[in-house]
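Engineer: To start, I am sharing the structure in question, which I have written as structure tokens.
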Amino acid sequence: MVIQPKIVKNVCLTAHPSGCAAGVMQQIRWVQAQPKVPMPKRVLVIGASHGYGLASRIAATFSGDANTIGVSYEREPSKKRTATPGWYNNRVFDQEARKAGYTSISIEGDAFSRETKEKTAAAVQEHLGAVDLVIYSLASPVRVDPDTGETYLSVIKPLKEPYTSLTVDVMTDAVSTVTIDPASEHEARSTVKVMGGEDWYLWIESLLKHGVLASGAKTVAFSYVGPELTYPIYRNGTIGMAKEDLERKAALINERVGSLTGEAYVSVNKALVTRASAVIPVVPLYISLLYRVMKDKGLHEGCIEQIYRLYADRLYTPGTSVPVDSEGRIRIDDYEMREDVQETVKQLWDKAAECSLSEIGDMEGYRTEYLQLHGFAQPGIDYGRESDPTAVDY
Ligand code: NAI
């Protein structure tokens, strides 16, 4: 079939196998050009097929020489329908890592389920013995509670009051005003159930129970803070509530892994174009302005640059302990949050309603990155030719 992007409400429903392969290869090549990071060699990434999780896996292997197990939730392809991009990414990563002599096991299943946790612990035991680093990088709209079978949905809404702001259609650049009603108490609690720290805690419990968390192991989950501009929809909204829960769970996990001298951290990362962030109202507009400012200042980073810096300059800098903020969190959003960056973003934001976004923002950059996440807009690929969606050929 001829595979083209099919985008509805900032969600891309198709993925191109060769283009996804090109995206994985670009990240591998970037990492290979950096100095090696002296990090441990057995890494588990939960949410490994895309965005920050995929970058965590690529950097661990190709800059840290680590063997990895990656867990993700993917839709398989058929002759008539493409897979999710992560399905292609997993296959390319496994192939490239194994070719380079590393162990690479991809487990596709629901990370929230007991079954996937058991299967993963067994795979760790069999292939790695134990793990020294566990990255928790899930972004999901839904979770089935493993104990009760109840389904929880996460929503991205403000709390208490409606929120009106500008937003942008990623494909057309059309800026419009959007009003989002506040979440009900049930919606807010459900979002915490899905995107909070409970499942991270259960993962660590499961690894401990099976004796596959190595002594001195570190575990890291990702959070976001961002500027006041996005507080009503992010930090002070349902998703922020979930992130606060995640940050509290880091303290609990720290106590739990203390006997192994293990450490749990939340890393606050930069806002980036990913499949998850594209569906948050307001955020794509903010990101397009942020990209423009950070590119102009030579500070722009994608997932792979962020994660490389997390490993090299925060988690595994020889002779130093992990630097954290006053709330115990690692900050790799430091460039995004620089005063001069935020000041300029704010000035542009104030102009966004009247000015064309192509003049003041980096919508082109946003769009290209978004398409590339799904294997489109990659140079050198003929998107008009027939491709087999069930195979990754590159
Ligand atoms: P993403 O959408 O690119 O990747 C999410 C990953 O989770 C994929 O590998 C997907 O397969 C996996 N996943 C989803 N549901 C699953 C399930 N039930 N079982 C197994 N795997 C499942 O997401 P992104 O943006 O990389 O987000 C990862 C984390 O980073 C999230 O916690 C997010 O809040 C955080 N973060 C994201 C930022 C951004 O701007 N994108 C900024 C700061 C933090």
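The values are calculated or read from the model by the stated rules, or taken from the named source; none is laboratory data. Just so we're clear, the structure is a prediction, and the values are computed from it rather than from any experiment. So basically every Cβ, Gly included, is an ideal-geometry build from the backbone, and we count neighbours across all protein chains shown. Ligands, DNA and RNA are excluded from the accessible area calculation, which covers all protein heavy atoms including side chains. Shrake-Rupley method; radii C 1.70, N 1.55, O 1.52, S 1.80 Å.
Engineer: Could you grab me the full set of residues in the stretch 347-380 that are among the hydroxyl-bearing types (S, T, Y) and over 23 Å from the mean Cα position of the chain (by Cα)?
Structural biologist: Passing the criteria: S356, S358.
Engineer: Right, another one. Sort out for me the helices (runs of 4 or more DSSP H) sitting completely within the stretch 296-366 that have 1 or more residues that are within 27 Å of I28 (Cα to Cα).
Structural biologist: 303-309
Engineer: Let me ask another. Would you be able to say whether some residue in the stretch 336-343 is over 15 Å from E228 (Cα atoms) and charged (D, E, K, R)?
Structural biologist: No, the stretch 336-343 contains no residue that is over 15 Å from E228 (Cα atoms) and charged (D, E, K, R).
Engineer: Against the condition open to solvent by 70 Å² or more (accessible area, probe 1.4 Å) and either modelled with pLDDT of 95 or more or among the aliphatic types (A, V, I, L, M) (or both), how does P379 come out, does it pass?
Structural biologist: yes
Engineer: Pairs needed: first member in the stretch 212-229, free of Cβ contacts under 8 Å to residues at least 12 places away in the same chain; second member anywhere, more than 16 Å from the ligand (Cβ to nearest atom) and not aliphatic (A, V, I, L, M); C-beta distance under 9 Å; at least 6 residues apart or different chains.
Structural biologist: Short answer, once both residue conditions are applied: E228/K346.
Engineer: Could I ask something else about it? Which members of the stretch 257-282 meet the condition of being in contact with a Ser or Thr (Cβ under 6 Å, 6 or more places away or on another chain), under 29 Å from E161 (Cα atoms) and open to solvent by 10 Å² or more (accessible area, probe 1.4 Å)?
Structural biologist: Correct list: P281 only.
Engineer: Scan L207, L202, L159 and give me the residue that is within 27 Å of E74 (Cα to Cα), under 25 Å from the mean Cα position of the chain (by Cα), open to solvent by 20 Å² or more (accessible area, probe 1.4 Å) and among the hydrophobic types (A, V, I, L, M, F, W, C).
Structural biologist: Sole residue among the options that is within 27 Å of E74 (Cα to Cα), under 25 Å from the mean Cα position of the chain (by Cα), open to solvent by 20 Å² or more (accessible area, probe 1.4 Å) and among the hydrophobic types (A, V, I, L, M, F, W, C): L202.
Engineer: Now for a different question. State which residue pairs qualify: first residue closer than 11 Å to L357 by Cα and inside the stretch 165-181, second residue outside any strand (DSSP E or B) and open to solvent by 60 Å² or more (accessible area, probe 1.4 Å) in any location, beta carbons under 8 Å apart, and separation of 6 or more residues or different chains.
Structural biologist: Pairs found: D173/S358; V175/A353.
Engineer: Now a separate question. Would you please list the contacts, defined by Cβ atoms under 6 Å and residues six or more apart or on different chains, that run from a residue in the stretch 1-30 that is polar (S, T, N, Q) to a residue that is part of a helix (DSSP H, G or I)?
Structural biologist: N10/A278; N10/V279; Q27/I58; Q27/I304
Engineer: If a residue must be in contact (Cβ under 8 Å) with a residue 12 or more places away in the chain and within 12 Å of the ligand (Cβ to nearest atom), how many such residues does the stretch 142-162 contain?
Structural biologist: 7
Engineer: Suppose we filter the stretch 99-115 for residues that are closer than 19 Å to V142 by Cβ, more than 10 Å from the ligand (Cβ to nearest atom) and buried (at least 17 other Cβ atoms within 10 Å of the Cβ); how many remain?
Structural biologist: Here the count works out to 0.
Engineer: A follow-up question, please. Taking interchain pairs and intrachain pairs at least six residues apart, which have beta carbon atoms under 6 angstrom, with the first residue in the stretch 299-322 and farther than 15 Å from K218 by Cα and the second crowded, with 18+ Cβ neighbours inside 10 Å and of a type in the set (D, E, K, R)?
Structural biologist: If the second residue must be crowded, with 18+ Cβ neighbours inside 10 Å and of a type in the set (D, E, K, R), the pairs left are Q306/K270.
Engineer: Mind listing just one residue for me: the one in the stretch 247-256 that is in contact (Cβ under 8 Å) with a residue 12 or more places away in the chain and surrounded by fewer than 22 Cβ atoms within 10 Å (Cβ to Cβ) and, of those, farthest from the ligand (Cβ to nearest atom)?
Structural biologist: Here the residue is R256.
Engineer: Within the bounds of the stretch 23-45, is there any residue that is open to solvent by less than 20 Å² (accessible area, probe 1.4 Å) and of a type in the set (S, T, N, Q)?
Structural biologist: So far as the stretch 23-45 goes, no, none of its residues is open to solvent by less than 20 Å² (accessible area, probe 1.4 Å) and of a type in the set (S, T, N, Q).
Engineer: Right, next: V168: of a type in the set (A, V, I, L, M, F, W, C), closer than 20 Å to E228 by Cα and surrounded by fewer than 16 Cβ atoms within 10 Å (Cβ to Cβ), yes or no?
Structural biologist: no
Engineer: Considering only residues that are of a type in the set (D, E, K, R) and surrounded by 10 or more Cβ atoms within 10 Å (Cβ to Cβ), which ones fall in the stretch 175-189?
Structural biologist: Passing the criteria: D181, E187, R189.
Engineer: Only residues that are more than 22 Å from K243 (Cβ to Cβ) and not acidic (D, E): list them for the stretch 312-348, please.
Structural biologist: A312, Y316, T317, P318, G319, T320, S321, T344, K346, Q347, L348
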